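The structure appears right after this line, and notes come after that.
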Amino acid sequence: MASESPLLRMARETPTEWWNDSCDPAELASAVERGATGATSNPTIVLEVMKKNRGTWWPRTRAIADANPSWSEVEIAWAVVDEMATHGAAVLKPVFDASGGRRGRQTVQTNPTLYRDAARMVEQAVRFHGLAPNIQVKFPGTAAGMAAVEEGTFRGVSTMLTVSFTVAQAVAAAEAAERGLARRAAAGLPTDGIAPIAVLMIGRLDDWMKVLVDRDGLAVDPAAPNWAGIAVFKRTYEIFGERRFHSRLLAAATRHPLHWTELVGADAMMTLTASWQARFDASGIVPAPRIGVPVAPAIVHELSTRIPDFVRAYEPDGLSVDEFESFGATARTLRSFIASYHDLLATVRDITLPDPDKKAG
């Protein structure tokens, strides 16, 4: 029952929110019943929703193509993204309205192939912003992404940094949003309702630590890499509080229960897939505030002395803005999102121009 959900209890009893890591409307409606206050989207998620709900999205994609005979696969694909985002935003609109706009947002990710082009990302973001009042637009944690966060915020977009793993990236995004808000205020434009968010993909940082351990033959306590993302999140959370940024943090890419339990109590968000939601709700764990409990110094020391890239992720000055794009976790995640985007285009092609060598069905 929803009333027995540990996630619902966390949402009711602590400042910590959780989001559904999908824009699937049915899945999202169930999550909202158990306390979810937002939903995510990216090319991988859109493709998963299309495959999971083939009976809905195959005919709908075909209808979009038939109604727009001159459109390319790219234009058709983004029309599908727009519709999914609009559906998700509608499910979350009551949460948005009840919270005065603080909660209840549906994210849409800018084209991942544009990670070097701030102007084109902002152009796309402004269009997304017009889809619904509770849209949050994702930008990647690259140098161009930081410029896009500032300009998008100035244009009135609620921005979200994604493809982000380090203290330096999250702080740079928060500072970019502050500059955008300041420019907007100086221009006499309203800033109410603009709610910037910085994501830390904590599980993907853990993944990168483990890749380095194997790739470089490092001798590391096998438990230590599972704490890397948590340590970065907790340090970033402290900095955000000290500097009183308007941006809030969101933890993403859950890999194990500590990615939930160690962040409870934060005035922040976490995004969870349906499978992790089910596991946590069946766990019997009573969520207790632990955001203020530091990661064991021995673990931080182990990571800092054994894995140089942890230092780059953990120290506020560990990376320059120009180094964001080449940081291992950033590059491998961008490559993954770009691959998913091309897979999405290929799926649109299979719908609009079926392969004649294959049987229909």
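The values are calculated or read from the model by the stated rules, or taken from the named source; none is laboratory data. Bear in mind that the values here come from a model prediction, so they are computed numbers and not experimental data. In this analysis, Cβ positions are derived from the backbone assuming ideal geometry, glycine residues included, and neighbour counts consider all displayed protein chains. Surface accessibility is based on the protein's heavy atoms, side chains included, excluding ligands, DNA and RNA. Shrake-Rupley method; radii C 1.70, N 1.55, O 1.52, S 1.80 Å.
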I'd like to check something: does the stretch 312-334 contain any residue that is assigned to a helix (DSSP H, G or I), out of contact with any Phe, Trp or Tyr (no Cβ under 9 Å at 6 or more places or on another chain), under 21 Å from ALA228 (Cα atoms) and open to solvent by less than 50 Å² (accessible area, probe 1.4 Å)? yes
Scan the stretch 185-192 and tell me whether some residue there is touching a Ser or Thr at 6+ places or on another chain (Cβ under 6 Å), open to solvent by 30 Å² or more (accessible area, probe 1.4 Å) and either within 26 Å of LEU272 (Cα to Cα) or not polar (S, T, N, Q) (or both). yes
Of the criteria (1) touching a helix residue (DSSP H, G or I) at 6+ places or on another chain (Cβ under 6 Å); (2) closer than 17 Å to THR352 by Cα; (3) open to solvent by 40 Å² or more (accessible area, probe 1.4 Å), which one HIS87 fails: (2)
Over the stretch 97-138, the set of residues closer than 26 Å to GLY35 by Cα, in contact with a strand residue (DSSP E or B) (Cβ under 9 Å, 6 or more places away or on another chain) and not in a loop (DSSP other than H, G, I, E, B) is ARG105, GLN106, THR107, VAL108, GLN109, PHE128, HIS129, ILE135, GLN136, VAL137, LYS138
Sole residue being over 24 Å from ASP97 (Cα atoms) and at pLDDT 95 or above, chosen from LEU189, LEU200: LEU200
Is there any pair with a first residue in the stretch 72-91 that is hydroxyl-bearing (Ser, Thr, Tyr) and a second that is part of a loop (DSSP other than H, G, I, E, B) whose Cβ atoms are under 8 Å apart and which are 6 or more apart or on different chains, and what are they? THR86/LEU131; THR86/ALA132
Being surrounded by fewer than 18 Cβ atoms within 10 Å (Cβ to Cβ) and in contact (Cβ under 8 Å) with a residue 12 or more places away in the chain is the requirement here; does VAL286 meet it? yes
Restricting attention to the stretch 335-352, which residues are over 12 Å from ALA65 (Cβ atoms) and either charged (D, E, K, R) or not in a helix (DSSP H, G or I) (or both)? ARG335, ASP343
Considering only the stretch 32-65, state which residues are open to solvent by 10 Å² or more (accessible area, probe 1.4 Å), β-branched (Val, Ile, Thr) and either over 16 Å from TRP78 (Cα atoms) or not in a helix (DSSP H, G or I) (or both). VAL32, THR37, THR56
Specify which of the listed residues (VAL348, VAL264, VAL300) is under 16 Å from ALA228 (Cα atoms) and open to solvent by less than 60 Å² (accessible area, probe 1.4 Å). VAL300
Select from the stretch 37-64 the residues that are free of Cβ contacts under 8 Å to residues at least 40 places away in the same chain and under 18 Å from the mean Cα position of the chain (by Cα) and write down the one among them that is farthest from ARG103 (Cα to Cα). GLU48
Kindly provide the set of residues from the stretch 241-261 that are on the phi > 0 side of the Ramachandran plot and open to solvent by 60 Å² or more (accessible area, probe 1.4 Å), ordered by number. ARG244
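Here's the yes/no breakdown for (1) closer than 22 Å to MET269 by Cβ; (2) surrounded by fewer than 24 Cβ atoms within 10 Å (Cβ to Cβ):
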site: LYS93; (1), (2): yes, yes
site: SER99; (1), (2): yes, yes
site: ASP117; (1), (2): no, yes
site: GLN124; (1), (2): no, yes
site: LEU131; (1), (2): yes, yes
site: ALA144; (1), (2): no, yes
site: ALA147; (1), (2): no, yes
site: THR153; (1), (2): yes, no
Which numbered condition trips up GLY104, out of (1) open to solvent by 50 Å² or more (accessible area, probe 1.4 Å); (2) in contact with a helix residue (DSSP H, G or I) (Cβ under 7 Å, 6 or more places away or on another chain); (3) over 28 Å from ARG332 (Cα atoms)? (1)
Of the candidates GLY55, GLY38, the one satisfying the condition of being out of contact with any Pro (no Cβ under 6 Å at 6 or more places or on another chain), within 22 Å of ALA132 (Cα to Cα) and among the small types (Gly, Ala, Ser) is GLY38
Over the stretch 335-361, the set of residues aliphatic (A, V, I, L, M) and out of contact with any Ser or Thr (no Cβ under 8 Å at 6 or more places or on another chain) is ALA339, LEU344, LEU345, ALA346, LEU353, ALA360
